[in-house]
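Asker: Please find one structure pasted underneath; my questions will follow.
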């Protein structure tokens, strides 16, 4: 093609593209910040360290993504540092969602935008961090609420896969990744549910399972539990064979189980009812794994055992309606306070829906309204979540040596009326824009234009 013809074709293409994709002022444009190069000093705020008390008129020094100094006004300012006056404000560690699908789920009605569930019952090698969409709109709205770290968690099946710790800032999943294999997830069967695989075909008898129609026999609760035990036993045999130097065929599913079998990462078991929780705890003790219960609707009814066996709980439904007709209206709201009083360790997370990840601070805030001390509520979405999921050496509190991932606020982030003024992730001063703020500005402008039209 001649040069003139190419230019004409390019001009036409640009024109058509302009018609097909007009500029939308409400579209989200958030540019990730480059890794921290210049030292930043925040001075004058009240610093809530979570683990080491509160510092009034405090100073935090952030260098190369880490906190290098924290204290009062006497803290030395590094040469060439950017000093930010935050007098009258508050500084908190970034909040942590211990159970989330942010980054791996976008629009519920669009299957291709959701990458949560894999086919099959046993998928311990699934690592969701590689599927994280750094362009997700939910990331911006979640960060605006103060949630700066999330554990992207797969679902489905019996063993869903590994939770991946991600910081909510970066161009790609590689930049966002903090810990790819943070926890192994098991969905404990419900003893009150109908057997799995129910519903048989009309073919001749004698097919697989002896049920006819080529359909497998339904699995009872006992059979489902036994399948979990068997899979862990197979994985343990694989681990021992590899460790002894035997020649074994590589199996990525069993290999992914080894850190959990060795107690290096926790096994997070989704369980709600009393029977589920009790059976999961019995199983976890027999397996010798580091157990965490997720869900925990009826955890208060087995609180003595959870405390005695040092099994923590990730609560996922603090703002839900009562599940049973004879439950009090405030059952979910008051569960955190009751667990605290009983001495059970817990974290509070959302319900795992990316759309509502931004509600995490209020999931903890409602527990305060129903009796949980505010400092304990703050721990439930910071240091407790970090400890249970194995990243407390990086985030969860404000301490020297940890990542500079924090919030500058007008008050407690657990209160809806608090404004998150600015957030830092690994020392990066992040863009505080998000799609909700942009639509607010857009439609406020529409109202202003209409107002001028009426008054003119």
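Asker: Going by what's in this entry, would residue 115 be described as in contact with a helix residue (DSSP H, G or I) (Cβ under 8 Å, 6 or more places away or on another chain), free of Cβ contacts under 8 Å to residues at least 60 places away in the same chain and assigned by TED's automatic domain parsing to the domain that holds residue 316? Reasoning before the result, please.
Answerer: On the way: in contact with a helix residue (DSSP H, G or I) (Cβ under 8 Å, 6 or more places away or on another chain): yes; free of Cβ contacts under 8 Å to residues at least 60 places away in the same chain: yes; assigned by TED's automatic domain parsing to the domain that holds residue 316: yes.
Answer is yes for this residue.
Asker: On to the next question. With 64, 137 as the choices, which residue is within 27 Å of residue 383 (Cα to Cα), surrounded by fewer than 14 Cβ atoms within 10 Å (Cβ to Cβ) and out of contact with any strand residue (DSSP E or B) (no Cβ under 7 Å at 6 or more places or on another chain)?
Answerer: Answer to the check: 64.
Asker: Then there is this: Would you pick out the residues in region 154-172 that are closer than 28 Å to residue 438 by Cβ and either modelled with pLDDT under 95 or in a loop (DSSP other than H, G, I, E, B) (or both)?
Answerer: 168, 169, 170, 171, 172
Asker: Report those helices (runs of 4 or more DSSP H) wholly inside region 246-311 carrying at least 3 residues which are more than 20 Å from the chain's Cα centre (by Cα) and buried (at least 18 other Cβ atoms within 10 Å of the Cβ).
Answerer: 252-261, 274-287
Asker: Oh, and also: Restricting to region 334-355, give me the number of residues that are in a helix (DSSP H, G or I) and within 30 Å of residue 107 (Cβ to Cβ). Walk me through how you get there before you give the answer.
Answerer: If we filter region 334-355 for residues that are in a helix (DSSP H, G or I), which is where we start, we get 334-342, 354-355.
Going one step further and asking which of them are within 30 Å of residue 107 (Cβ to Cβ), we end up with 354-355.
Count: 2.
The values are calculated or read from the model by the stated rules, or taken from the named source; none is laboratory data. Since the structure is predicted, the reported quantities are computational estimates derived from the model, not experimental observations. Note: ideal-geometry Cβ built from the backbone for every residue, glycine included; neighbour counts use all protein chains shown.
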